[in-house]
Amino acid sequence: FQLRMSPGLQMLVSYAWPHAIDNDSHAYTPLLGPTPLSGYRADSNFDIRHSASIGGSYDIPGPRNNGFLKAILGHWSLESLARFRSGPPVNIQQTATVQSPSGPYSVTISPDVVAGQPFYLSNPNAPYGRTYNPAAFKTLGPFASPSALRQGTAGRNLLRAFPLSQVDATLRRQFNLHEGVNLQFRTDFFNLANHPNFGSPIADPTSSQFGYATGLLGTTLTPNASTAGFNPLYAVGSPRSIQLSLKLNF
């Protein structure tokens with residue numbers, strides 16, 4: 001929904017309610033055990049069930065009758081973008097040891113689900129007040145031979161991580177230098193309210209930190225930032241940061 005509310009003020013509101021399902025979100029993921037490919041059909045790794053955004057821009061009116069004040073206070077604009085989304089899926093997997101004639105090796109498999117146990121537990125000391133329940137999953141292995149290897153009953157992408165909410169804002173000033181040429185100074189505020197958005201919890205039930213988030217979302221989205229060229233400081237879900245920039249448009 002797009003609306004021009006008044007001269008200099010615009011708003012754009014969007015909402016999406018998608019559902020992505022597949023058998024494997026990574027074509028290179030090895031599928032272990034006797035489970036057929038159809039048994040892996042579940043929510044995709046990138047399935048975000050609810051996603052909304054609210055964006056707006058406002059050209060701040062400046063003085064009209066005073067040339068000096070107009071030169072200082074004129075041509076300022078304010079922009080903002082608020083983003084909200086539900087949590088992505090989390091695939092519960094464990095590491096198990098398999099004995100083979102050539103020696104033991106490790107595999108990643110799904111554990112078994114324990115009937116009657118809730119998947120989530122209330123915990124006021126954890127992000128968003130909840131953690132996964134270790135008692136809801138029974139780990140498997142070690143396996144005596146490769147033929148004994150099997151997948152557990154925990155379905156793929158069974159649980160969910162945390163939602164995201166973030167507000168970004170920009171204050172900019174434009175200097176019209178010549179026809180078709182202008183200089184723009186802007187200050188960008190990422191995560192203006194410094195709202196904490198946490199990454200996915202530890203999904204290995206053999207870990208002592210199972211079910212706990214150990215980092216912010218921005219750092220988990222760019223784990224190889226130093227080599228990939230991405231800066232987690234400006235990624236969605238990072239702590240508040242401010243960027244100053246000067247741009248010449250021609």
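Sub-8 Å Cβ pairs linking a first residue in region 128-156 that is closer than 13 Å to PRO104 by Cα to a second residue that is among the aliphatic types (A, V, I, L, M) and open to solvent by 30 Å² or more (accessible area, probe 1.4 Å), at least 6 apart or interchain, are LEU149/LEU32, ordered by first then second residue. Pairs linking a residue in region 79-106 that is under 30 Å from PHE189 (Cα atoms) and among the acidic types (Asp, Glu) to a residue that is part of a strand (DSSP E or B) and open to solvent by less than 20 Å² (accessible area, probe 1.4 Å), with Cβ atoms under 8 Å and 6 or more positions apart or on different chains, are GLU79/GLY55; GLU79/ALA169; GLU79/THR170.
Among the residues examined, GLY180 does not qualify as surrounded by 17 or more Cβ atoms within 10 Å (Cβ to Cβ) and either under 21 Å from the mean Cα position of the chain (by Cα) or of a type outside the set (D, E, K, R) (or both).
Restricting attention to region 78-113, and to residues there that are over 30 Å from SER145 (Cα atoms) and hydroxyl-bearing (Ser, Thr, Tyr), which single residue is most open to solvent (accessible area, probe 1.4 Å)? For region 78-113, the residue satisfying everything is SER80. Of the residues making up region 118-154, those that are basic (Lys, Arg) and more than 28 Å from the chain's Cα centre (by Cα) number 2.
So, GLN174, is that one closer than 30 Å to VAL114 by Cβ and surrounded by 17 or more Cβ atoms within 10 Å (Cβ to Cβ) or not? No, not satisfied. The strands (runs of 3 or more DSSP E) found entirely in region 100-160 that carry 1 or more residues being at pLDDT 95 or above and hydroxyl-bearing (Ser, Thr, Tyr) are 120-122, 130-132.
The values are calculated or read from the model by the stated rules, or taken from the named source; none is laboratory data. No experiment lies behind these values; they were computed from the predicted model shown. FYI the Cβ positions are ideal-geometry reconstructions off the backbone, even for glycines, and counts take in every protein chain you see. Just so you know, the surface numbers come from the protein's heavy atoms only, side chains and all, with ligands and any DNA or RNA stripped out. Shrake-Rupley method; radii C 1.70, N 1.55, O 1.52, S 1.80 Å.
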